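Structure first, then comments.
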Amino acid sequence: MSDRDNRRRIPFIRRSGWLRILLAAAALLAAGCSATKPLYELPVRGQPTSLTTSGSVLAVDYLADMPGVWDWGDLKRSPGTYDRGQALGAVLLGPRYLVTEVPPDASDPQPAVAAIDRATGRIVRRWPFAAGWYCSRFCNSPDGRYVAVLLEQKGPAGGDTCLGMIGFATREIDWIPLSGRVIETSPQPLAVSSTGRYVALLGLGRLDALTVVDLTARR
């Protein structure tokens with residue numbers, strides 16, 4: 001090939017190189033703008049009200065219905081369902097346990113927070129609290145190792161609030177009284193630190209309050 005032919009080809013090579021870059025950029029833009037399909041569409045039985053996870057497990061709570069629990073690694077399998085009775089919610093403690101409120105019954109006249117074993121559906125531990133109270137909120141830490149429980153006193157005029165923490169080794173909940181009631185500002189007003197020591201609350205006593213409680217120091 002002559003030098004003259006090489007000189008004629010070089011501009012074409014440069015133009016074709018830029019053309020490839022432009023085509024690749026256009027393809028990326030088109031891919032980014034196109035609608036993507038979900039990995040899975042999970043079947044629901046009613047109105048979902050909350051989601052929670054403990055790393056390897058996903059729990060979906062429903063309005064006036066039993067929560068469903070999926071394993072992240074096998075979302076195509078039908079979820080396990082667990083009866084939470086008239087409790088307001090449920091949350092995960094690790095991948096194995098579902099924590100919820102259980103009402104008093106003939107065998108135990110006190111209301112309690114309970115841990116349900118996902119494998120058997122049975123209550124494996126109960127943490128009782130005083131009559132006249134109810135669990136208004138649950139929240140777990142990001143790794144699912146701790147669950148914060150917010151108690152509120154029943155009654156049309158309101159009442160007090162208590163906060164407690166559950167871990168795998170918790171035998172008895174040390175309820176900490178709080179000054180004021182949580183005014184609803186968010187669907188989930190609680191957040192728990194990964195160590196289980198701190199809990200943040202929205203709306204404690206007033207709408208614009210953001211409160212952090214140190215459960216170890218009780219302050």
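What the table below lists for this structure:
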read-out: Of all residues making up segment 192-219, the number that are out of contact with any Pro (no Cβ under 7 Å at 6 or more places or on another chain) and surrounded by fewer than 16 Cβ atoms within 10 Å (Cβ to Cβ); value: 14
read-out: Residue in segment 57-65 that is open to solvent by less than 20 Å² (accessible area, probe 1.4 Å), in contact with an Asp or Glu (Cβ under 6 Å, 6 or more places away or on another chain), small (Gly, Ala, Ser) and part of a strand (DSSP E or B) present; value: no
read-out: Per-region count, segment 146-168, residues part of a strand (DSSP E or B), under 23 Å from the mean Cα position of the chain (by Cα) and of a type outside the set (Asp, Glu); value: 13
read-out: Which listed residue is among the acidic types (Asp, Glu) and modelled with pLDDT under 90, from Asp83, Asp71; value: Asp83
read-out: Condition met for Ala148 (touching a Cys at 6+ places or on another chain (Cβ under 7 Å) and either in contact (Cβ under 8 Å) with a residue 12 or more places away in the chain or surrounded by 18 or more Cβ atoms within 10 Å (Cβ to Cβ) (or both)); value: yes
read-out: Positions within segment 169-189 being modelled with pLDDT of 90 or more and either within 24 Å of Tyr62 (Cα to Cα) or part of a loop (DSSP other than H, G, I, E, B) (or both), in sequence order; value: Ala169, Thr170, Arg171, Glu172, Ile173, Asp174, Trp175
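The values are calculated or read from the model by the stated rules, or taken from the named source; none is laboratory data. Note that the structure is a prediction, hence the values are computed from the model and not measured. Using ideal geometry, Cβ is built from the backbone for each residue, glycine included, and neighbour counts are taken over all protein chains shown. All accessible areas refer to the heavy atoms of the entire protein, side chains included, with ligands and DNA or RNA removed. Shrake-Rupley method; radii C 1.70, N 1.55, O 1.52, S 1.80 Å.
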